[in-house]
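A.B. asks: Can you read through this structure? Questions will come right after.
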Amino acid sequence: MSKSVARLYTQFQPEHYDIDLAPDRKAMTFSGTVTVRGKKVGRPSQRLTFHQKDLKITKASIIKHDKKGDQPIEVSRVNNQDTLHEVRLHADGMIYPGEYTVTMEFSGTITKPMNGIYPCFYQHEGQDKMLIATQFESHHAREAVPCIDEPEAKATFQLTLTTPNGETVLSNTPVESQTTAGNQLTTTFEKTPRMSIYLLAFVFGEMEFSETKNKDGVLVRAYSVPGKVNLTGKALEVAARGLEFFSDYFKLAYPLPKLDVVALPDFAVGAMENWGLITFREQTMLADPKHSSIESKQLIAMVVCHELAHMWFGDLVTMKWWDDLWLNESFANMMEYRAVDALHPEWNFWEQFVSHETASAKRRDSLLDVQSVHIEVNHPDEIETLFDPSIVYAKGGSILYMLFNYLGEEVFRKGLQAYFKKHAYGNTTADDLWAALGEASGQNIGAFMRKWLTKPGFPMVDIDWEPGTTEIKLTQQRFLSNPEEQSDDSEPWQVPLAATYELNAPLLSKNTATTTATPTNDPLIFNHDGQSYYLPHYRSQGHVQRIIEAIKHGKVDAIDRLLLLDNYTMLQRGGQSSTVELLDLVSAYQHEDNENVWGAMSLGLSEARRLVEGDEPVEKNLDALIQSLVNDLAVQLGWDDQPTDDAQTLRLRGLAVSLAAGAKNQNVIDEGLQRFAKFKEPGDLDASTRSVVYYCGARYGTEADFEKLVHLHQTLQNADEKEEVAGGLAAAKQPEQIKRLLQMFTDGSIRRQDLLHWYVWLLRNRYSRQATWEWLTQNWDWVVEQFEAEKGFGMFARYAGSMFSTKQELKKFLDFFEAKRNIVALSRDVMLAEQEISSRVAWRERNEASVKDWLKART
Ligand SMILES: [Zn+2]
């Protein structure tokens, strides 16, 4: 599907780089020198080629090293190939395989897109300030220094930076030496371990830090801009403890003497695993110990542990090429939950894994042309489109979790330990991992995992069983959210059935099979606790009823309860069941008190909401249904956080009160408005219900209430507090207010890094959906200019795809995006958004009338 681009590693293999950089913050430029020693390999040639993008190479020299000593090779011409991101150093004579040192002098500009070397803007004590930071993954190192910018081209690096005197300057390794000259500080960092260049990083500017030494002797520091260091506590603690956890889990010590975690005011994604210098957006690292919500603290723990997992998966052992990006991200995705579960067992984090990651993976993975976890990639622009969070992170994490359950943790861990030992400082492909796990387990893991990894989708397994009998008939086929589509791939998956009964054949490896089990009084549940990655479809009403009865009697655990809801949400989307059946099921969860299960109920109810949106009498009935389920719980939990509340209670309170408010419970709205009228700053409100107070103010308050929130958003400094206010504002209903919010997109009131959040919230809000879409179409050139080079670019299409559900919306979407399909960074998201909207249009046709009838009959 795309043209292949030559790998430069096939002609030059770097061993060590000395890089000197002098960024100039005032001029927004930088100049530098790179000296790289390495091997010319392959055929003799008259040139050496390196990656560069938008750099000006002002001088280049080549020295050959051999038995005869060092001989300079005349560089006759330096030729920038801008479309290929290359610089070619031509020589008059042949360059034969052997050892060479290449030196280049170069200069470049510091530009606002949050890639390469970029500025982060903030204010301190009324002054405009700027940090300078880097983001090199996936292929942006070439914007900072000429190099071989491919993950396989591992080398050691010694970085020297010239920066303003008096500022903090950080890189992957500790400072080796520093000298000052006038108002300039020159810092040389210790040589890095052998690593890929996308992991190189630096940050400089005014910063503060907190620090601790963990029990393995690693110095851990958490940095922020001045005035925010009191918010670094949670990240520092998790970084120190998490590093201990992983060193022990993999039986391989973290190899660097220090780890810095740095909160950057501007940051494109969540965080970046630069070895020894992990960078974060402020929201994923900073939280007020007293006033931040439990969600903020859990987010920090998750993101920090994700990046820590990368210190091994990704940094120590790296995928050979981007097609195996999942080796980094899928592992980090799963291991972040494993680590958080070890640090905070009371958070029941596997419940969140199943309800968030696996559920998000399945929704995306049910589109016909979704990417597989392992994916071919050639052109650099394609690389950025690989980072599909639902597939490379969540699906990859889910199939690894399946393998983890299938092998058992002990075997799984033993295999990983062997893998790290063997491949430390090297590069791998999937086969290397399967070999290590195969050795540990005595099984052919490559064969077991092949289809899961290389093909899109996942199976629905039809389960034919009557309670009391011993025979179970099983049929698998790919599940698609659009029943009118068909996959032409009929090869079966190897499906661990993970049932609550002991089956005589626990692995389904054919398209149809029969297994037997001895029935007990407990319900027979498949994919128990989300240990596998498939969709059970119970064909017998008696079978389903047994499970529902058991739920009513409190005999089914939380993960199985939420998965049953999630399964039916999927099945009704795919035409295997109906939205009415889903509503019946949700209604059976009368006394539910688990937050993650409530999350699944809430998703089920929002399916019905989508179908009846705008039909006010019917919506009233839906609101009444939701209230009948949630009102008692909301009253019982109240609005106020108690010192004795555990994480689950805090999260449940927020969810219950917000569901009640969303279903227009007048008491809840009144209470929310009263609290809104009284509060002056976020800390005055209870953390778990604060966002509901904002919601009430924005949706049901006065013009002055709206202004109060806008003002708060402009003045708040803490990223998580700001984000909560933003989420509240996005509930606005009045056209003038919505217009104002959309103006804020481009007038500098909203950081570029946060714009996609606002965009998806305002698309989700039915009152602002149309205006937000119009904003996109009218501001497209601006969007391209701002976001084209970043990973999130495709999200502008994807989020619209996730919200639209009518024929008219499908047409609008295609009218606009049809002509943009050939933009490499967009094409996948546009294609999948079209499939998603089409399947939703068909879903609406199947279900809208019956859901309305069902709800009308409730009065
Ligand atoms: Zn990651």
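A.B. asks: Hey, if you put +1 on the Cβ of every Lys and Arg and -1 on every Asp and Glu Cβ in the chain, which of Leu299, Val851, Ile525 ends up farthest toward the positive end of that dipole?
C.D. replies: So the residue furthest toward the plus end is Leu299.
A.B. asks: Once every DSSP H run of n ≥ 4 in the chain is given -39500 (n - 2.57) and the sum is divided by its residues, what mean residue ellipticity at 222 nm do you get, rounded to the nearest 500 deg cm²/dmol?
C.D. replies: Value at 222 nm, helices only: -13000 deg cm²/dmol.
A.B. asks: Not counting ligands, DNA or RNA, and with a 1.4 Å probe, what is Arg740's accessible surface area in Å² rounded to the nearest 10?
C.D. replies: Probe radius 1.4 Å; accessible area of Arg740 about 80 Å².
A.B. asks: Please report how far the C-alpha centroid of segment 266-301 lies from that of segment 154-203, rounded to the nearest whole angstrom.
C.D. replies: Comparing the Cα centres of segment 266-301 and segment 154-203, I get a distance of 24 Å.
A.B. asks: Let me ask you something else. Relative contact order of segment 585-731, please, whole-number percent, based on alpha carbon pairs below 8 angstrom and at least 6 residues apart.
C.D. replies: Relative CO of segment 585-731 lands at 20 percent.
A.B. asks: Hey, another quick one. Ignoring ligands, DNA and RNA, what percent of the accessible area of segment 171-327 is carbon or sulfur (1.4 Å)?
C.D. replies: After summing per-atom areas, the C and S share lands at 51 percent.
A.B. asks: Going from most exposed to least, what order do Lys290, Lys552, Lys67 have by accessible area with a 1.4 Å probe?
C.D. replies: The most accessible residue leads, giving Lys67, Lys290, Lys552.
A.B. asks: While we're here: Give the aspartates and glutamates reachable from Lys67 as a straight Cα distance under 14 Å; neighbours fewer than 8 places away on the same chain don't count.
C.D. replies: Glu99
A.B. asks: Right, another one. Could you list which residues have their amide H under 5 Å from that of Ser577, counting only those 5 or more apart in sequence or on another chain, with H placed in the peptide plane?
C.D. replies: Amide H to amide H, under 5 Å and 5 or more residues apart or across chains, Ser577 pairs with Gln572.
A.B. asks: Can you tally the net charge around Ile472? Count Lys and Arg as +1, Asp and Glu as -1, for every other residue whose Cβ sits under 11 Å from the Cβ of Ile472.
C.D. replies: It works out to a net charge of -2.
A.B. asks: Among Ser196, Val175, Leu625, which residue has its Cα furthest toward the positive end of the charge dipole of the chain, with +1 on Lys/Arg Cβ and -1 on Asp/Glu Cβ?
C.D. replies: Of the options given, the answer is Ser196.
A.B. asks: Lysines near Lys620 by alpha-carbon distance under 22 Å, same-chain residues fewer than 8 away left out - which ones?
C.D. replies: Lys664, Lys733, Lys852, Lys856
A.B. asks: For Lys213, go through the aspartates and glutamates and keep the ones whose alpha-carbon is under 17 Å away, minus same-chain ones fewer than eight residues off.
C.D. replies: Glu237, Glu244, Asp248, Asp260
A.B. asks: I'd like to know which of Leu243, Phe12, Thr187 lies farthest towards the positive end of the charge dipole of the chain, counting +1 on Cβ of Lys and Arg and -1 on Cβ of Asp and Glu.
C.D. replies: Result: Phe12.
A.B. asks: Right, here's the next one. Mind checking the full-extension length gain between Thr454 and Gln770? Use 0.36 nm per residue of separation minus the Cα-Cα distance, one decimal, nm.
C.D. replies: 109.9 nm
A.B. asks: How many nm separate the modelled label positions at Arg194 and Thr83, each set 7 Å beyond the Cα in the direction of the Cβ?
C.D. replies: Rounded to a tenth, the inter-label distance reads 3.7 nm.
A.B. asks: In the neighborhood of Pro345, defined by Cβ-to-Cβ distances under 14 Å, what is the net charge if each Lys or Arg adds +1 and each Asp or Glu adds -1?
C.D. replies: After counting each charged neighbour, the total is -2.
A.B. asks: Now for a different question. Considering only the other residues whose Cβ falls under 13 Å of the Cβ of Asp82, what net charge follows from Lys and Arg at +1 and Asp and Glu at -1?
C.D. replies: +1
A.B. asks: Ignoring ligands and nucleic acids, what accessible area does Asp489 show with a 1.4 Å probe (Å², nearest 10)?
C.D. replies: Number for this one is 50 Å².
A.B. asks: What is the dipole size for segment 596-717, taken about its Cα centre, with +1 at each Lys and Arg Cβ and -1 at each Asp and Glu Cβ, in debye to the nearest 20?
C.D. replies: Its charge dipole is roughly 120 debye.
A.B. asks: Dipole size in debye (nearest 20) for segment 758-859 around its Cα centre, Lys and Arg Cβ +1, Asp and Glu Cβ -1?
C.D. replies: Around 620 debye, computed over segment 758-859.
A.B. asks: Further, regarding this structure: If you roll a 1.4 Å probe over the heavy atoms of the protein chains, what accessible area per residue do you get for the chain, in Å²?
C.D. replies: So the chain comes to 38 Å² accessible per residue, rounded to a whole number.
A.B. asks: Let me ask another. So if I place +1 on the C-beta of Lys and Arg and -1 on the C-beta of Asp and Glu, and nothing else carries charge, what would the dipole magnitude of the chain be about its Cα centre? I want it in debye, nearest 20.
C.D. replies: The calculated dipole for the chain is roughly 1320 debye.
A.B. asks: Return a whole-number percent for the relative contact order of the chain, with Cα pairs under 8 Å and 6 or more residues apart as the contact set.
C.D. replies: About 8 percent, as a whole number.
A.B. asks: Under 19 Å from a point 7 Å along the Cα-to-Cβ line of Asp248: which residues of segment 330-351 have their amide N that close?
C.D. replies: 335-350
A.B. asks: I've got another one for you. Considering the Cα trace of the chain, what is its radius of gyration and what is Dmax, both in angstroms?
C.D. replies: 27.9, 95
A.B. asks: I've got another one for you. Here are some pairs, Lys297/Lys708; Lys362/Lys807; Lys154/Lys421; Lys228/Lys722; Lys112/Lys320; which of them have Cα atoms lying more than 19 Å apart in this structure?
C.D. replies: Flagged as over cut-off: Lys297/Lys708; Lys362/Lys807; Lys112/Lys320.
A.B. asks: In terms of solvent-accessible area of protein heavy atoms at a 1.4 angstrom probe, what is the ranking of Arg539, Arg413, highest value first?
C.D. replies: Arg539, Arg413
A.B. asks: Same structure again: First measure r as the distance between the Cβ atoms of Thr168 and Lys213, then evaluate 1/(1 + (r/R0)^6) with R0 = 30 Å and state the FRET efficiency to the nearest 0.05.
C.D. replies: Computed FRET efficiency for Thr168 and Lys213: 0.95.
A.B. asks: Do you know the relative contact order of segment 148-277, to the nearest whole percent, from alpha carbon pairs under 8 angstrom that are 6+ apart?
C.D. replies: 25
A.B. asks: Now for a separate question. Distance from the Cα centre of segment 417-481 to that of segment 54-82, in angstrom?
C.D. replies: 49
A.B. asks: Under 5 Å between amide hydrogens, which residues at least 5 positions from Leu185 or on another chain qualify, with H placed 1.01 Å from N in the peptide plane?
C.D. replies: Amide H neighbours of Leu185, under 5 Å, 5+ apart: Thr163, Asn165.
A.B. asks: For segment 814-847 and segment 660-739, what is the centre-to-centre distance using only Cα atoms, to the nearest Å?
C.D. replies: Each part reduced to its Cα centre gives a spacing of 33 Å.
A.B. asks: Can you pull the percent of Cα pairs in segment 246-352 with separation above 17 Å?
C.D. replies: In whole percent, the share of Cα-Cα pairs in segment 246-352 beyond 17 Å is 56.
A.B. asks: From largest accessible area down, sort Lys708, Lys473; use a 1.4 Å probe on the protein chains.
C.D. replies: Highest to lowest solvent-accessible surface, that is Lys473, Lys708.
A.B. asks: Right, here's the next one. Any idea how far apart His553 and Arg7 come out in nm if each label point goes 7 Å out from Cα toward Cβ?
C.D. replies: 5.9
A.B. asks: For the pair His16 and Ala624, how long in nm is the line joining their label points, each one 7 Å along Cα→Cβ?
C.D. replies: Those two pseudo-labels are separated by 7.9 nm.
The values are calculated or read from the model by the stated rules, or taken from the named source; none is laboratory data. Just so we're clear, the structure is a prediction, and the values are computed from it rather than from any experiment. Using ideal geometry, Cβ is built from the backbone for each residue, glycine included, and neighbour counts are taken over all protein chains shown. Please note that ligands, DNA and RNA were not included when accessible areas were found on the heavy atoms of the full protein model with its side chains. Shrake-Rupley method; radii C 1.70, N 1.55, O 1.52, S 1.80 Å.
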